[in-house]
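*Asks:* Would you mind keeping the following structure in view while I ask a few things?
Every number here is computed from the coordinates shown, using simple stated rules; none is lab data. Computed from a predicted model, the values in this text were never measured in an experiment. Note that each Cβ is placed from the backbone with ideal geometry, even for glycine, and that neighbours are counted across all protein chains shown.
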Amino acid sequence: MNRTSEATYEAAADWLTRHAHPLNTTDARAEPSDLRPLADAVAGAEIVALGVGSRATHELSVLQHRMLRFLVEEQGFRSLVLEGDDPARLGLDTYVLTGAGDPEAMLREARSFWRTGEILDMLRWLRAHNARTPHDPVRLAALPTQSGPPGAGLAEIERALADDAIRWHECTRHKTVYWGGIAHTAVGDPRTVSSPASQTHHNAGGYLREHFGGGYASVGLTFHHGADYPVPPAEFAETVLGAADLPAYFLNLRAHDPGPADAWLEAPARTRLIGPFYDAREDAAHHLSGGSLAGWFDAVAHVREVTPARVLED
């Protein structure tokens, strides 16, 4: 590490230590006082994306669940876009509205990254919430399978993801939570993004920012290590994020004061991007690049150590 990068690292680490807001629990049922800073970070948003660096971890999935609950119960959000499959095909939208059906059996028919106990817990909470408030339910967006037209490339898939969310919002006028992965939710701009994950086009987050402007808020949920994932390579953003000596914390990037940490927040970055398949021997290859933390995200929630999600057995 040269003197310039060492000085940038130290400035960023000091800033993180002063601005990181501790997250106190990984219990999805816990009261939400530690999530209050999320309200400031997404103020004015019509769509808030909760994008994870890995869908296969317990802690990040629970954090998505807690943030969803906070946005529903305290910020008036009334729809959830659950990225990656068609809730109507599975009957999940009917379940959360009426209680009809077995959600665990439905999830067993879903794509692999929905087949977890954490997703099941979230859906059961959503059903319980709607049973308590039948006059003002939360909808599970009934979208077509989110894959774009047959033979679609990455650009068409990202456009389809964004267009489906936009149409749902136009139809319902609901403030909406988008639950997905950071490859899709981070704000990708063709002027800056050149990674294989985004090539030269907007990703879904880029299209949503283009459409909604400040009405689209991107929250990145990152982690340092755990489960089958080693500590991140030195050049990854998670290495610096790990400098804050907290098990988990929230960071509002909209509210940061101009200062020495800007050089790190706005510099080209790499952050972990773990898809359905992971090879520990190629850990450094599993990343998102071509942008910066400040460009991709309005806020970051970081967890130091993660454990595997609870897979629903066939």
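*Asks:* If packing is taken as the average count of other Cβ atoms within 10 Å, what order do 65-71, 226-232, 82-88, 98-104 fall into, highest mean first? Walk me through the numbers before you get to the answer.
*Replies:* Working: 65-71: 23.0, 226-232: 17.1, 82-88: 20.6, 98-104: 13.6.
In decreasing order of mean packing, 65-71, 226-232, 82-88, 98-104 become 65-71, 82-88, 226-232, 98-104.
*Asks:* Mind checking the angle between helix 3-19 and the chain's longest principal axis? C-alpha axes, 0 to 90 degrees, to the nearest 10.
*Replies:* 50
*Asks:* As I understand it, the value is the acute angle between the Cα axis of helix 117-132 and the longest principal axis of the Cα atoms of the chain; what does it come to in degrees, rounded to 10?
*Replies:* The answer is roughly 50 degrees.
*Asks:* Quickly work out the Thr133-to-Arg281 label distance, labels modelled 7 Å from Cα along the C-beta direction, and quote it in nm with one decimal.
*Replies:* 5.1
*Asks:* Sticking with this structure for a sec: For the range 214-305, with only Lys/Arg (+1) and Asp/Glu (-1) charged at the beta-carbon, what is the dipole magnitude about the Cα centre, in debye rounded to 20? Write out the running numbers ahead of the final one.
*Replies:* Numbers: 5 positive and 12 negative charges, 28 e Å.
Once rounded to the nearest 20, the dipole reads 140 debye.
*Asks:* Return the percentage of antiparallel bridges among DSSP beta bridges fully within the chain, rounded to the nearest 5 %.
*Replies:* Working: 14 of 40 bridges.
Approximately 35 percent, going by the DSSP bridge assignments.
*Asks:* For the Cα atoms of the chain, what angle does the longest principal axis make with the long axis of helix 58-75, in degrees from 0 to 90, nearest 10?
*Replies:* It is inclined by approximately 70 degrees.
*Asks:* Long-range amide H contacts for Leu312: which residues qualify at under 5 Å (H placed 1.01 Å from N, peptide plane, sequence gap of 5 or more or a different chain)?
*Replies:* Residues meeting the criterion, in which the H sits 1.01 Å from N, are Thr116, Gly117.
*Asks:* Something else: Residue farthest toward the positive end of the dipole of the chain, with Cβ of Lys/Arg at +1 and Asp/Glu at -1: which of Ala88, Gly215, Ser292?
*Replies:* Sorting the options by dipole projection puts first Ala88.
*Asks:* Let me ask something else. Rounded, prolate or oblate: which fits the range 86-127 when a ≥ b ≥ c are the square roots of the eigenvalues of the alpha-carbon gyration tensor, with rounded for a/c under 1.5 and prolate only if a/b beats b/c? Could you put the intermediate results ahead of the total?
*Replies:* Values: a/c = 1.93, a/b = 1.23, b/c = 1.56.
It is oblate, given that a/c is not under 1.5 and a/b is not larger than b/c.
*Asks:* Have a look at Glu46, Glu170, Glu238 and tell me which one the Gaussian network model of the chain (Cα, springs below 10 Å) gives the largest fluctuation.
*Replies:* Among Glu46, Glu170, Glu238, the largest mean-square fluctuation in the Gaussian network model of the chain belongs to Glu170.
*Asks:* What order do you get for 10-17, 158-165 when each peptide is scored by the mean count of other beta carbon atoms within 10 Å, highest first?
*Replies:* Numbers: 10-17: 18.1, 158-165: 22.5.
Peptide ranking by packing, descending: 158-165, 10-17.
*Asks:* Checking a compactness column here: for the chain, what do you get for Rg(Cα) / (2.2 N^0.38 Å), N being the number of residues?
*Replies:* On the way: Rg = 18.6 Å, N = 314, 2.2 N^0.38 = 19.6 Å.
Normalised by 2.2 N^0.38 Å, the Cα Rg of the chain equals 0.95.
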